[in-house]
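Everything on this sheet refers to the single structure shown next.
Nothing in this text is a laboratory measurement; each read-out follows from the coordinates by a stated rule. This is a predicted model, so every value here is computed, not measured.
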C-alpha cells in the first residue's frame, strides 16, 4: 500500500496552496480548513499560525499534475 503524502496544491489554493493541500490530505472541506486556520491565527496571536504557514510553503512539495510530471531524480 502506497503511503499518503501531503502536498501544496496551488491550482486550488488562494495563496500558495498549503491549506488546499492539507485539506485534500485530511479529506476535509477546504473551506473548513481555511476557516479553522483563520481562527487559529487570530486566537494564538498571529505568530505561530503565520510561522507554520511560511514553513509549510518551503517544506511541502508542489502537487504533481498530469501536465507537470514529478521530478524523478
Computed on Cα atoms, Rg of the range 18-59 relative to 2.2 N^0.38 Å comes out at 1.13
Could you give the semi-axes, largest first, of the ellipsoid that matches the chain, computed as the square roots of 5 times the alpha carbon gyration tensor eigenvalues and rounded to whole Å? 24, 13, 11
Net lengthening on full extension, residue 35/residue 59 (0.36 nm per residue, minus Cα-Cα): 6.4 nm
